[in-house]
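Let me begin by presenting the structure, written as structure tokens, before commenting on it.
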Amino acid sequence: MAEETIFRKIINQEISTELLYQDQFVTAFRDISPKAPTHILIIPNKLIATANDIEIEDEALIGKLYTVAKQLAKQEGIAESGYRLIMNCNQDGGQEVFHIHLHLLGGKPLGRMICS
Ligand code: 5GP
């Protein structure tokens, strides 16, 4: 079974983090180490460790990550200029926290998709 991460404490507000969005399914907050002027993490409240662990029954939940991302992009004023949504998976994907999350990045031109 997957182990809880620091994100559980953020969802439960056991550590002080400003929440930009929360409902019974999804929570969003700013990345502690932003890689762009806007860098928000959108996560399911349910622990799913990696993209490999997403099940058919999670499809609506994963869709919700995107509708919340879209809403936050608008709120941040970057909907029209554009943004990038990324979910990293495991070592080669650069995943550090094993509770899936969508990175919402924007507020400047983000350049090439992958830096080699
Ligand atoms: P990953 O590399 O797993 O796709 O991304 C994990 C992200 O979580 C990183 O961008 C990292 O800066 C962020 N992060 C890790 N710990 C914390 C934390 O305690 N608070 C917040 N707000 N972000 C965190």
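Considering region 95-104, the residues that are of a type in the set (A, V, I, L, M) and assigned to a loop (DSSP other than H, G, I, E, B) include one that is farthest from the ligand (Cβ to nearest atom), namely 100. Taking residues in region 7-18 that are on the phi > 0 side of the Ramachandran plot, and partners anywhere that are loosely packed, with under 13 Cβ neighbours inside 10 Å and part of a helix (DSSP H, G or I), not one pair has Cβ atoms closer than 9 Å while being at least 6 places apart or on different chains.
Do the conditions hold for residue 51, that is, is it within 25 Å of residue 4 (Cβ to Cβ) and in contact with a Leu (Cβ under 6 Å, 6 or more places away or on another chain)?
no
The residues on offer are 80, 57, and the sole one that is outside any helix (DSSP H, G or I) and of a type in the set (Asp, Glu) is 80.
Conditions (1) out of contact with any strand residue (DSSP E or B) (no Cβ under 9 Å at 6 or more places or on another chain); (2) farther than 24 Å from residue 54 by Cα; (3) open to solvent by less than 30 Å² (accessible area, probe 1.4 Å); (4) without any contact (Cβ under 8 Å) to a residue 40 or more places away in the chain, marked per residue:
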site	(1), (2), (3), (4)
72	no, no, yes, no
77	no, yes, no, yes
81	no, yes, no, yes
87	no, no, no, yes
90	yes, no, no, no
97	no, no, no, no
100	no, no, yes, no
107	no, yes, no, no
112	yes, yes, no, yes
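All of 53, 58, 92, 23 fail the test of being within 24 Å of residue 112 (Cβ to Cβ) and either more than 16 Å from the ligand (Cβ to nearest atom) or of a type in the set (D, E, K, R) (or both), apart from 92. I'd like the full set of residues that are open to solvent by less than 40 Å² (accessible area, probe 1.4 Å), within 11 Å of the ligand (Cβ to nearest atom) and not in a loop (DSSP other than H, G, I, E, B), limited to region 28-50. The answer is 28, 29, 39, 40, 41, 43. Could you tell me whether any residue of region 9-24 is open to solvent by 40 Å² or more (accessible area, probe 1.4 Å), of a type outside the set (Ser, Thr, Tyr) and within 11 Å of residue 102 (Cα to Cα)? There is no residue in region 9-24 that is open to solvent by 40 Å² or more (accessible area, probe 1.4 Å), of a type outside the set (Ser, Thr, Tyr) and within 11 Å of residue 102 (Cα to Cα). Criterion applied to 69, 51 was being among the aliphatic types (A, V, I, L, M) and touching a Cys at 6+ places or on another chain (Cβ under 9 Å), and the one residue passing it is 51.
The values are calculated or read from the model by the stated rules, or taken from the named source; none is laboratory data. This is a predicted model, so every value here is computed, not measured. Heads up, the Cβs are rebuilt from the backbone with ideal geometry, glycines too, and the neighbour counts pull from every protein chain shown. To get the accessible areas, we keep the full protein, side chains included, count just its heavy atoms, and leave off ligands, DNA and RNA. Shrake-Rupley method; radii C 1.70, N 1.55, O 1.52, S 1.80 Å.
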